[in-house]
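Just so it is clear, none of the values below were taken in a lab; they were calculated from the coordinates. The structure displayed is predicted, hence computed values, not measured ones. Don't worry about glycine lacking a Cβ; one is built from the backbone with ideal geometry, like all the others, and counts go over all protein chains shown.
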Amino acid sequence: MRLSNTFVKTLREAPKDETARNGALLVRAGYIHKEMAGIYDYLPLGLRVIENIKEIVRQELNKIGCEELLLTALQNPEPWEKTGRFSEKEVDVWFKTELASGGTLGLAPTHEEPITSLMKNYISSYKDLPRYVYQFQTKFRNELRAKSGILRGREFLMKDLYSFHATEEDLDSFYKEVEKAYMKIFEHLSLGDSTLEVFASGGMFSKYSHEFQTILPVGEDTIYYNKNRTVALNKEVLNEETMKDLGVKRDELEETSAAEVGNIFKLKLKYSEPLNLKFVDQDNVQKDVYMGCYGIGISRLMGVIAEKFADDKGLVWPEAVAPFKYYLVGIGEAGTRRAEELYQENQDAILYDDRDVRTGEKFADAELMGIPYRIVISDKSLEAGSLEITDRKTGDTKLVKTLD
């Protein structure tokens, strides 16, 4: 990408209506555009970050046998009515729309009902189980107050995985595999040290579910964890019974704010029973399918990473999710000529600032955009036969002969 060719512009000041740091910095740096409260466009740089996060998630899920698909955002009310969840009394965040030909459709806030209905066409025997399918899909939730930048939106991107099993024991086994895969994902995203698996309410499904919470000062959740972080729980389940179950005491727990980046539930028969998802076992007996669901907020993760690693100069992207590895600046006639050559050799890795603006403005934008490494090629560095590379995270500068 050449900055001279992109329509995206950086801003010196944060938008007045964007108070969250992640939202303000992502808008200023040209990664997103705010349409209205809780609704954002993802611009070329922002989309590259989203795609990098998706690919990390995709690789870990594929390793444990999951298949990717894509379901519709527009929802047939019928399966939702069978579970009672098309009612605003049960799900109060619906966006609904009227068909010109008559009738009401919903915009999906989640996909348990449609995936269960779909799998009725593909699961009928024990030989069809287990199955694990996931998607990256835009969700719509009519939040009363959309806030916190892209940490909480009315339209957002989620990875949702659904598993289908012949037995509860098989569900339990796969659930553990997803737990491990999730922690690997957060490690790849540079969030491993600050993301905890947290006990939360299981609601109607089970006694407990699990959330993955990243410690963050602006996080909307309150969690408690012990000294070595082997036990963590959400404030909603902080009681004597839970602490007894987990073998901890209140004075052993530290309180902190955190942002939920993932969750996993054992749905069991919650959706298969009302939607009649059954299979015939080896003894020719018809049984209900056990289910689990597993979510990761993709756009929320982008906001969490932006919020967590930013400094007073701007964004600081971990290399694994950054839109480009290098931000390239050429200075002087010879330096600019060599910068052009380097860009042509490494276009996939380089964001090339070839604009006709002051060098200081280029450096300021490099810091604001948070690209991991800034390369400066000047007449002086060429005389030494070197490239000047500055680490965005540490600020350290060194001379190297070639790129990695």
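With the gyration tensor restricted to C-alpha atoms of the stretch 177-229, the semi-axes of the equivalent ellipsoid amount to 19, 16, 10 Å, longest first.
Ordered by the number of other Cβ atoms lying within 10 Å of each residue's own Cβ, fewest first, ARG131, ARG337 fall into the sequence ARG337, ARG131.
Assuming charge only on the beta carbon of Lys and Arg (+1) and of Asp and Glu (-1), the dipole of the stretch 326-400 about its Cα centre is about 220 debye to the nearest 20. Spatially, the stretch 1-74 and the stretch 330-394 are offset by 24 Å when compared through their Cα centroids. Computed on the Cα trace of the stretch 39-82, the radius of gyration divided by the Kirkwood hydrodynamic radius gives Rg/Rh = 1.14.
Compute the Kirkwood hydrodynamic radius of the stretch 153-306, taking the inverse of the mean of 1/r over all pairs of distinct Cα atoms, and give it in Å to one decimal. When all Cα pairs of the stretch 153-306 are included, the Kirkwood radius is 16.8 Å.
Which of THR222, LEU157, ASN76 sits farthest toward the positive end of the charge dipole of the stretch 21-309, with +1 on the Cβ of Lys and Arg and -1 on the Cβ of Asp and Glu? It is LEU157. In percent, how large is the relative contact order of the stretch 21-309, given Cα pairs closer than 8 Å and 6 or more residues apart? It rounds to 22 percent for the stretch 21-309. Using DSSP, restrict attention to beta bridges with both residues in the stretch 326-400 and report what percent are antiparallel, rounded to the nearest 5. For the stretch 326-400, the DSSP antiparallel bridge percentage is about 45.
For the pair the stretch 96-156 and the stretch 176-210, the centres of their Cα atoms are 21 angstrom apart. Here's the picture: a label point sits 7 Å out from the Cα of SER257 along the beta-carbon direction, and within the stretch 180-202 the residues with their amide nitrogen under 19 Å of it are 194-196. Go ahead and collect, in residue order, the members of the stretch 346-390 whose backbone nitrogen is under 15 Å from a label point 7 Å along the Cα-Cβ direction of ARG2. The answer is 346-348, 350-357.
Pair-distance distribution P(r) for the chain, from all Cα-Cα distances in 10 Å bins starting at 0: 4, 20, 26, 23, 15, 8, 3, 0, 0 percent.
Positive end of the dipole of the stretch 326-400, charges at C-beta (+1 Lys, Arg; -1 Asp, Glu), about the Cα centre: which of ILE375, ALA339, THR397 has its Cα farthest in that direction? So the residue we want is THR397. Given axes a ≥ b ≥ c from the Cα gyration tensor, I'd like to know whether the stretch 1-58 is rounded (a/c under 1.5), prolate (a/b larger than b/c) or oblate. Since a/c reaches 1.5 but b/c is at least a/b, the shape of the stretch 1-58 is classed as oblate. Charging the Cβ of each Asp and Glu at -1 and of each Lys and Arg at +1, and nothing else, the dipole of the stretch 191-249 about its Cα centre rounds to 240 debye.
In debye, nearest 20, what is the charge dipole magnitude of the chain about its Cα centre with +1 on Lys and Arg Cβ and -1 on Asp and Glu Cβ, if you could check? Mind showing how you got there, number by number?
On the way: 55 positive and 68 negative charges, 82 e Å.
Charge dipole of the chain: 400 debye, to the nearest 20.
The H on the amide N of GLU220, modeled in the peptide plane, is under 5 Å from the matching H of ALA258, GLU260, each at least 5 residues off or on a different chain. Think of the chain as a dipole: +1 on every Lys or Arg Cβ, -1 on every Asp or Glu Cβ, centred on the Cα centre; then among TYR122, SER257, GLY203, SER257 lies furthest on the positive end.
Residue exposure proxy: LEU301, LEU25, ordered by other Cβ atoms within 10 angstrom of their Cβ from fewest to most, comes out as LEU25, LEU301. Shape verdict for the stretch 326-400, please, from the Cα gyration tensor: rounded (a/c under 1.5), prolate (a/b greater than b/c) or oblate. Rounded shape, in that the Cα axes give a/c under 1.5.
What ranking, highest mean first, results for peptides 172-178, 373-379 when packing means the other Cβ atoms within 10 Å averaged over each residue?
Packing proxy ranking, top to bottom: 373-379, 172-178.
The residues PHE199, PHE136, PHE7, when put in order of fewest to most other Cβ atoms within 10 Å, stand as PHE7, PHE136, PHE199.
How would you classify the stretch 291-335 from its alpha-carbon gyration tensor, with a ≥ b ≥ c the square roots of the eigenvalues: rounded for a/c under 1.5, else prolate if a/b is greater than b/c, otherwise oblate? Please list the in-between numbers first.
Working: a/c = 5.82, a/b = 2.49, b/c = 2.34.
Taking the square roots of the gyration eigenvalues as a ≥ b ≥ c, the stretch 291-335 is prolate.
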